[in-house]
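What follows is one structure encoded as structure tokens, with my remarks underneath.
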Amino acid sequence: MAKNTKIKKIIIGNWKMNPQDSIKAKEIFTSIRKTARTLTKIKTVICPPFVYISELRKLVNTDRIAVGAQNAFYENEGSYTGEVSPSILKNCGVAHIIIGHSERRAKGETNEIVNKKVLKVIGEKMTVVLCIGEKERDHAGEYLNFLKAQIKESLNGISKKELNNIIIAYEPVWAIGKSDKEAPQPADIYEMTIYIRKVLSDMFGSDVASMVPVLYGGSVTSKISLGILKDGKVDGLLIGRQSLDPQDFSITLKQANDL
Ligand code: PGA
């Protein structure tokens, strides 16, 4: 993928712990690929469970679609039973790795652990899709400080140059896994992207901060994706359940391409 270019929107599908077998995984991927390969202005990245990565990679015949990963460990090799490293994923042809998804944070992944993972992935010259998002909103606006801490601590030790390999996915936890009616409004998402860029700008300077793609994720369907892309002014989407439904997902891909 062209590094963090502002030309293309990036739409990432996070399949989570689905589907249940590789036949189904290949079927869904092939169906998404059919649309994705025709779309010149967007990049589609599908992040399946680790075990399907190699098989799905064999189906990639265009650079308009790629296979990413949902997580990686913070060491590249060694005695770490059950873990998968950035270097192993790189050798499987993966270039994008989701780090710090809220479902992992809920299982104990702290900003410190996320930071170690970010540094390792960046060290392999791969792209991090860093997930941030507040659990709830309070009237005093404390959630903004929570987000700021997530960004600062997760990106600790990253250089300006390395920021080229970072994508931020803003996923308010309260909007994940819900109905599309519960997603934030595009204007609200736009405000959050401004805030995220402000934090990045304070850390790295406005020139590089403005180049970082900021995505939205949480209960996106084709009913709301166009509004979020257009009026939320995001650089793309991180999509869970809808990315397992090739028909609806393809509508969103086309909307992103036609903007
Ligand atoms: P959802 O998941 O689209 O199913 O809400 C989004 C995510 O967790 O990345």
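The values are calculated or read from the model by the stated rules, or taken from the named source; none is laboratory data. These numbers come from a predicted model, not from an experiment. Positions of Cβ are generated from backbone atoms using ideal geometry, with glycine treated the same way; all protein chains shown enter the neighbour counts. All accessible areas refer to the heavy atoms of the entire protein, side chains included, with ligands and DNA or RNA removed. Shrake-Rupley method; radii C 1.70, N 1.55, O 1.52, S 1.80 Å.
A compact table of results
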{"quantity": "Proximal lysines to K135, defined as alpha-carbon separation beneath 23 angstrom and excluding residues fewer than eight positions away on the same chain", "calculated": "K16, K107, K116, K117, K148, K152, K178, K181, K198, K233"}
{"quantity": "Integer Hz, Karplus 6.51/-1.76/1.60 couplings in order for region 19-27, x for Gly and Pro", "calculated": "x, 8, 8, 6, 5, 5, 4, 5, 4"}
{"quantity": "Calculated FRET efficiency for the pair E77/K161, C-beta based, R₀ 30 Å, to 0.05", "calculated": "0.75"}
{"quantity": "Sites A187 and K41 - FRET efficiency at Förster radius 25 Å, r taken between beta-carbons, to 0.05", "calculated": "0.55"}
{"quantity": "E134 long-range amide H proximity, modeled H, under 5 Å", "calculated": "V173"}
{"quantity": "Qualifying aspartates and glutamates (Cα of each under 20 Å from Cα of K160; at least 8 residues distant if same chain)", "calculated": "E112, E124, D202, D207, D235"}
{"quantity": "5 angstrom amide H check on K43, placed H, neighbours 5+ away", "calculated": "K9, I10, I11"}
{"quantity": "Rounded to whole Hz, the Karplus (6.51, -1.76, 1.60) HN-Hα couplings of region 248-254, x for glycine and proline", "calculated": "5, 4, 5, 5, 4, 4, 5"}
{"quantity": "3J(HN,Hα) from dihedral phi, region 174-181, Karplus parametrisation 6.51/-1.76/1.60, rounded to Hz, x for glycine, proline", "calculated": "5, 10, 8, x, 9, 8, 5, 6"}
{"quantity": "Accessible area (Å², per residue) of the chain, counting only protein heavy atoms and a probe of 1.4 Å", "calculated": "46 Å²"}
{"quantity": "Highest-first arrangement of 165-171, 153-159, where packing means the average Cβ count within 10 Å", "calculated": "165-171, 153-159"}
{"quantity": "Overall Cα dimensions of the chain, principal axis frame, Å, largest first", "calculated": "49, 46, 33"}
{"quantity": "Cβ-derived FRET efficiency at R0 30 Å, F146 paired with D231, nearest 0.05", "calculated": "0.75"}
{"quantity": "Accessible surface of the chain [probe 1.4 Å, protein heavy atoms]: carbon and sulfur percent", "calculated": "51 percent"}
{"quantity": "Amide H within-cut-off set for I239, under 5 Å, with H built and near neighbours excluded", "calculated": "I12, G13, N14"}
{"quantity": "Within region 48-101, GluC sites (Glu not before Pro) in DSSP loop having at most 15 other beta-carbon neighbours inside 10 Å", "calculated": "E75, E77, E83"}
{"quantity": "Gap separating the Cα centres of region 94-115 and region 23-69, nearest whole Å", "calculated": "22 Å"}
